[in-house]
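Undergrad: Let me begin by handing over the structure; questions about it come next.
The values are calculated or read from the model by the stated rules, or taken from the named source; none is laboratory data. Owing to the predicted nature of the structure, the values given are computational and were not obtained by experimental measurement. Cβ sites come from the backbone with ideal geometry, for glycine too, and all protein chains shown count toward neighbours.
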Amino acid sequence: MLDHAPRPLAAHLLFESRDLDEARDKVARVFCPHRLDTVRGRFHARQHHLPGEKLSLNYIEYGAKTMIAPGALRDFYLVQIPLCGGASIVNGGDRYTSDPGRAAVLNPHRETTMIWEEGTRQVLLRIDRAAMQSHLSRQLGAPASAPVTFQGALDLRSGAGAALRRLVLWLVAEADDGAAPLTGLMGRQLEETLLSGLLDAHRHDYAAHLGRSRSAPRPRHLRLAESFIEAHLDQPITLEDVAEAAGTSARNLQLAFRQYRGTTPLAFWRDRRLTRAHADLIAAAPGTRVTDVALRWGFAHFGRFAESYRLRFGLTPRDTLRAALGPGYQD
């Protein structure tokens, strides 16, 4: 059973606790002050911590489904690689889910809120912001004018993302075998390799400057369709409406979404509305009701909304609202 399996970085235990306040304080000492609330399940937290010069390797589990709201991380980037479970991530304008095939990469200059699923276990790479900026400048051959901003989830299933995951887990395995992989000259070189690996594996706003093209450009009619959908998320639209706005046929539009997005236009529209509803629930003010948020984003059938939301984010809209409002929440 996974519950009895050895945890990564087990020799580097920072704390183990069933007390929410103690866990929040201990984690904050490595990362930053944050809000930590349980949504459901038995809370049993632990963190393992292996420091390096520019980054640290960490392992964290909470047991329960938890909401974590640190705001802006400020001083560090955070790569979260789920070993099991996953999380719903809001980092600035980016909203996505992580799982064992997709890592979360949190930008320090954007506000962050997360909900970790019950039973989630993650290896986390904390990267000093100044070190990342300096490394990026060296790669560019000139000072970087602004902090690098990573975009969305990092695909760990193939290519450079899979290679980065293997490197991180190899370092963990080395530490578990009693080595000190982040010390000395080799440790410094491995840290540089991790920073380069992240820049190489993930989408970010300096990709073009580093001489890479991340993906084939979207066709014009797909860009127009996505813009139309984004502008009409709170309104009822049909496939024909989107096709007309994009200046193409419904069939061509379906093919474009299948090829470039792996979905259909209306499924893309529904997913974007769910994402907006999720963001509103996480940032809810006292007095907010789930039905108000659902109606705001065009979900009139509350049962279907709740089920689609649960499948997308791993918990119900009511659970998200309860975690956001804390003890003051009332059904």
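Undergrad: Could you say which residue among 115, 81, 89 is farther than 30 Å from residue 145 by Cβ and buried (at least 17 other Cβ atoms within 10 Å of the Cβ)?
TA: Values: 81 fails: farther than 30 Å from residue 145 by Cβ; 89 fails: farther than 30 Å from residue 145 by Cβ.
The conditions single out 115.
Undergrad: Could you check the stretch 280-295 and list, in sequence order, the residues that are surrounded by fewer than 18 Cβ atoms within 10 Å (Cβ to Cβ) and either among the acidic types (Asp, Glu) or part of a helix (DSSP H, G or I) (or both)? Explain how you work it out, then say what you get.
TA: First, pick out the residues of the stretch 280-295 that are surrounded by fewer than 18 Cβ atoms within 10 Å (Cβ to Cβ): 283, 285-289, 291-292, 295.
Passing the criteria: 291, 292, 295.
Undergrad: Could you please give the count of residues in the stretch 235-254 that are surrounded by 14 or more Cβ atoms within 10 Å (Cβ to Cβ) and either of a type in the set (Val, Ile, Thr) or not assigned by TED's automatic domain parsing to the domain that holds residue 297 (or both)?
TA: Of the residues in that region, 3 qualify.
Undergrad: In addition: Go through the stretch 224-262 residue by residue and tally those that are of a type in the set (D, E, K, R) and more than 15 Å from residue 272 (Cα to Cα).
TA: Keep residues of the stretch 224-262 that are of a type in the set (D, E, K, R), which gives 226, 230, 234, 240-241, 244, 251, 258, 261.
From what's left, more than 15 Å from residue 272 (Cα to Cα): 240-241, 244, 251, 258.
Residues meeting the conditions: 5.
Undergrad: Out of (1) touching a residue at least 24 places away in the same chain (Cβ under 8 Å); (2) buried (at least 20 other Cβ atoms within 10 Å of the Cβ), the odd one out for residue 266 is which?
TA: Every condition holds for residue 266 apart from (2).
Undergrad: Out of the residues in the stretch 193-234 that are surrounded by 17 or more Cβ atoms within 10 Å (Cβ to Cβ), touching a Leu at 6+ places or on another chain (Cβ under 7 Å) and assigned to a loop (DSSP other than H, G, I, E, B), which is modelled with the highest pLDDT?
TA: If we take residues in the stretch 193-234 being surrounded by 17 or more Cβ atoms within 10 Å (Cβ to Cβ), touching a Leu at 6+ places or on another chain (Cβ under 7 Å) and assigned to a loop (DSSP other than H, G, I, E, B), then 202 is modelled with the highest pLDDT.
Undergrad: Among the candidates 125, 164, which residue alone is touching a strand residue (DSSP E or B) at 6+ places or on another chain (Cβ under 9 Å), under 19 Å from residue 99 (Cβ atoms) and in a strand (DSSP E or B)? It would help to see each step written out before you state the result.
TA: Working: 164 fails: in a strand (DSSP E or B).
Among 125, 164, only 125 is touching a strand residue (DSSP E or B) at 6+ places or on another chain (Cβ under 9 Å), under 19 Å from residue 99 (Cβ atoms) and in a strand (DSSP E or B).
Undergrad: Follow-up. Determine the pairs where a residue that is at pLDDT 95 or above, located within the stretch 121-138, has a partner that is outside any helix (DSSP H, G or I) and among the small types (Gly, Ala, Ser) with Cβ atoms under 6 Å apart, the partner being 6 or more residues away or on another chain.
TA: Listed by first residue and then by second, the contacts come to 126/56.
Undergrad: Hey, residue 14 hits all of (1) assigned to a strand (DSSP E or B); (2) within 19 Å of the chain's Cα centre (by Cα) but one; which does it fall short on?
TA: (2)
Undergrad: Could you look through the stretch 59-70, keep only residues that are over 14 Å from the mean Cα position of the chain (by Cα) and in a strand (DSSP E or B), and pick out the one that is surrounded by the most Cβ atoms within 10 Å (Cβ to Cβ)?
TA: The initial filter retains those residues of the stretch 59-70 that are over 14 Å from the mean Cα position of the chain (by Cα), namely 59-66.
Cutting the leftovers down to in a strand (DSSP E or B) gives us 59-61, 65-66.
Values: 59: 23, 60: 23, 61: 21, 65: 23, 66: 25.
Among residues in the stretch 59-70 that are over 14 Å from the mean Cα position of the chain (by Cα) and in a strand (DSSP E or B), the one surrounded by the most Cβ atoms within 10 Å (Cβ to Cβ) is 66.
Undergrad: Just checking, which of 71, 41, 63 is at positive phi and modelled with pLDDT of 95 or more? Walk me through how you get there before you give the answer.
TA: On the way: 71 fails: modelled with pLDDT of 95 or more; 41 fails: modelled with pLDDT of 95 or more.
Only one candidate passes the filter, namely 63.
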